[in-house]
Structures are given as structure tokens and as C-alpha cells.
Amino acid sequence: MAEVIGLIGSIVNIIETINKANAFVRKHVHTNSSVRIELVPLLAKVTAFSGPLQALKLEAEFEDPNTPRLSALAHIDGPLYACESAARAIENRIDRIISVGSVSFGKILDKECVSALKILDETKPILELALVVDQK
């Protein structure tokens with residue numbers, strides 16, 4: 001049961017960060033064309049990642065302790081930890097941009113943010129696979 005609570009907690013943290021990134025992008029995407037070029041891919045990646053996370057969260061919440069449905073989900077703590085770290089990196093970058101007060105100067109997606117998006121891209125298939133395996 002503790003594993004399920006930890007799993008749900010990690011997923012909720014990542015989802016909250018994704019929602020923050022979505023709100024930021026939607027607010028600033030129409031600032032100018034150079035900002036749009038960086039923000040549209042960010043929005044696409046975090047939005048695509050949100051679906052499997054929501055499904056994993058629901059799967060964990062509806063887990064019956066008497067059935068081993070979450071057998072595959074019990075082994076995704078590594079990818080979830082990587083996703084959580086990546087989400088924090090994206091959130092930190094957004095917080096730094098907000099503290100400056102303007103998104104129209106400089107690059108929005110620095111090296112760390114691009115690496116974080118790559119981690120999300122690489123872990124998404126693992127999370128989707130775990131979800132599919134547990135549904136069988």
C-alpha cells in the first residue's frame with residue numbers, strides 16, 4: 001500500500017508541474033514568433049506526457065490490494081523519479097523566467113530544459129508499456 005501512495009504522490013507532483021508549464025505556455029505563446037517557436041514544442045511534449053500520467057494515477061488509485069494488477073507499475077519508480085527530476089528542471093526554468101518578468105528576451109529552453117524534455121520523451125514509452133501490461 002505504501003508503494004501505491006508513493007507512486008500516486010510522484011505522479012501528482014509531475015502532473016502539477018506539467019499543469020504549471022501548460023499555464024505558462026498558454027499565457028506567453030502569443031508574445032512573439034521567437035517565443036512561439038520555443039513554447040509550442042514544450043506545450044506539445046508536456047501535454048502528450050500528461051495523458052499516460054493521468055492513466056497511471058487512476059490505475060494506482062483504483063488498485064485492489066487483493067489483486068496484483070500493479071505488478072508492472074511497481075517497477076517504474078526509476079522512470080518516475082527521472083520524470084520528477086525532469087519536471088522540476090522545467091519548473092525551475094519557468095520560475096526563473098517569471099522572476100525576470102519577461103519572456104521576450106533570450107532563450108526560454110536552456111540546455112537543462114531541453115535535456116529534461118528529452119527525459120520525458122524517453123520515459124513516456126516505458127510508462128505507457130507499464131500501463132498496458134497492467135491492464136491485461
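Nothing in this text is a laboratory measurement; each read-out follows from the coordinates by a stated rule. What you see is a predicted model, and the numbers here were worked out from it, not measured in a lab. Neighbour counts run over all protein chains shown; Cβ positions are idealised from the backbone, glycine included.
The figures follow:
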item	result
Stretchable slack from Val132 to Arg96, in nm (0.36 nm times residue separation minus alpha-carbon distance)	9.3 nm
Phi-based couplings in Hz for the range 48-61 (Karplus 6.51, -1.76, 1.60; Gly and Pro marked x)	5, 6, 5, x, x, 5, 4, 5, 5, 4, 4, 4, 5, 5
Ser85 paired with Thr31, simple spin-label distance in nm, labels 7 Å along Cα-to-beta-carbon	2.8 nm
